[in-house]
1. What's the center-to-center distance, using Cα atoms, between the range 235-276 and the range 196-224 in Å?
2. Within the range 425-440, which residues have the backbone N less than 19 Å from the label spot 7 Å out from Trp364 along Cα→beta-carbon, could you tell me?
3. Once ligands and nucleic acids are excluded and a 1.4 Å probe is used, how much of His345 is accessible, expressed in Å² to the nearest 10?
4. Using Cα centres only, tell me the gap between the range 409-444 and the range 285-357 in whole Å.
5. I need the P(r) histogram for the range 241-324: all alpha carbon pairs, bin width 10 Å from 0 out to the longest distance, whole percents.
6. With the full set of protein chains in place, find how many percent of the accessible area of the range 96-220 is carbon and sulfur; take the probe as 1.4 Å.
7. In 5 Å bins starting at zero, report the fraction of Cα pairs in the range 262-383 per bin as a rounded %.
8. Could you check how many percent of all C-alpha pairs in the range 114-179 are farther apart than 14 Å?
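The values are calculated or read from the model by the stated rules, or taken from the named source; none is laboratory data. These figures come from a predicted structure and were not determined experimentally. Cβ coordinates were reconstructed from backbone atoms using ideal geometry, including for glycine residues, and neighbour counts include every protein chain displayed. Just the protein is used for accessible areas: all its heavy atoms, side chains included, with ligands, DNA and RNA removed. Shrake-Rupley method; radii C 1.70, N 1.55, O 1.52, S 1.80 Å.
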Amino acid sequence: MSGRSVRLGLLWSLTVLLMGPAAFASPDDPNRPTDRPREAETAASASSSRNGPSAPDEESLALPHFHRSRTKYDEGTQEKQPHHWPDDSVVVLKKSRYHLDNILRVPDWLHLGLHQRTRYETLNQPYQKGQTSGEHLVALQTLPTFGLRYDMFRFFVEGIDARTVGSSDSFVGTNSFVDQTDLLQLYGGLGSDNFLGLGLSTELTIGRQTFDFGSRRLIGRNLFRNTVNAFDGVHWSIGNDKTWQVRTFAVAPVQRLTVKPDADAKSLFWGVFLAQRAVTWAHTDLYVYVIEDDTRSGSVPGLKRSLSTPGFRMYKEPAKGEWDYEAETIWQVGKSAVTPNSPAHSTLAHLQHLQIGYTFDLPWRPNLLLRYDYVSGTRDPNGNTNGRFDTLFGPTNFEFTPAGIFEPFSRSNISSPAWKLTLQPTDVMRVSFQHRIFWLAQSRDQWVNTGLQDSTGRAGNFLGHFFDARGRWYLSSNLSLESGWCYLVKGDYTSNLLAAGAPGTPTDRNANYVYVQTVLNF
């Protein structure tokens, strides 16, 4: 961690300790506070047996409104473990006898865990500038965890080993795919469920951590990508679990290095987040995040960002036989560069998200969702203003495309309506189907994630149709299977670039992407 992060952490720790240790009662909930993604339904808990998970246990259906249970990096409990559907919503399964906590019969205050994911991905046609063929690989991710939680004290360690096999393409050797034998999280903290006798939950953590905030469009732990964003610094939360919560943080983003230990990126990232859940039909999030990139000699090359990102979100959770909705507006102001090493320009960018859904009171609980995203781009690439939205540290898998060898779209310079149908044949099986249509918001700006750009705008802005089908089956709390198929029907934008002879333009043939993965949890 940087010296700045350490100093901030010590200041927060001293402040809390001055309040007195008596204020920190022993918490009942052993999971760290994080936020629930928009599409998360009330979680279904299932018992493990030799024949797989059984029917839900009605007593354990409810989870706190500010989801403390995020899979793959939380300590979990001795009896239950959270897992994720492909859309990032949560299911809680009872741990089997084969989890390390149960095998080794460790005490309640100790947690041991091991997560291993093996995924095969294949893509038959190129989509990025300079690509000449499809691609395939095997992505391996291993995450061992060790946690201590005793009275008011917390300590948690998570390692990561992410690597690929079977591909010779240089881009799969980047830090989006490879982070070998490294430290993902290492933090300590203090917590209470009755802060100062006021009945409020609070937690302070200091060290290297991963985060989820709100809708996860700006800050979220990567659940599909082979490597994971982390931050060095301090995080504090306080609130009533079922009505409101305030969270604040001051961190330095971690620079992921493929074979060397990860390092501090020497940027300052801080923010304040206020959530309200008392009104069931109108949950709200209000927040502002600020990032300041270090531009001094020796710092990580970047976009020279000095950006403030305020946002507001309102939504209703899905429920059987009811409508649900979500609206989020996010703005960015300050200065940033369009590409690394280019000059920083005055920046005004924004993201608008709208969606409405309905969950039918029918077998398989079908949920039909209509959504629209508009994310700004730069109107004049040769001008002195930047309108391209920066999604900061938000993952795209749950909303746009899987973040593997095929990730043609991101939250930048797009206009995209969509529909999505989700079905749940059993409590431990879920499938989804999505169709999105993509245009460039600004035809002269880049198709971000592909490197393709026509600064004249003559190639148009229609990028194509994107179809997505995915499913996951939890055979037990130790084993899940998942598969997905994505199909990109390329629009006339690519064809027009080819006709104009734009260098590096890939073929305009439609692209198929398929993945199959297994996940082991112990």
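1. For the range 235-276 versus the range 196-224, the Cα centre distance is 7 Å.
2. The answer is 425-435.
3. Counting only protein heavy atoms, His345 exposes about 50 Å² to solvent.
4. 19
5. Taking every Cα pair in the range 241-324, the percentages come to 16, 31, 24, 19, 9, 1.
6. Working: 2940 of 5000 Å².
On the range 96-220, the fraction of accessible area on carbon and sulfur atoms equals 59 percent.
7. Each 5 Å bin holds this share of Cα pairs: 2, 10, 14, 15, 14, 12, 10, 9, 7, 4, 2, 0, 0.
8. Numbers: 1410 of 2145 pairs.
Value for the range 114-179: 66 percent of Cα pairs lie more than 14 Å apart.
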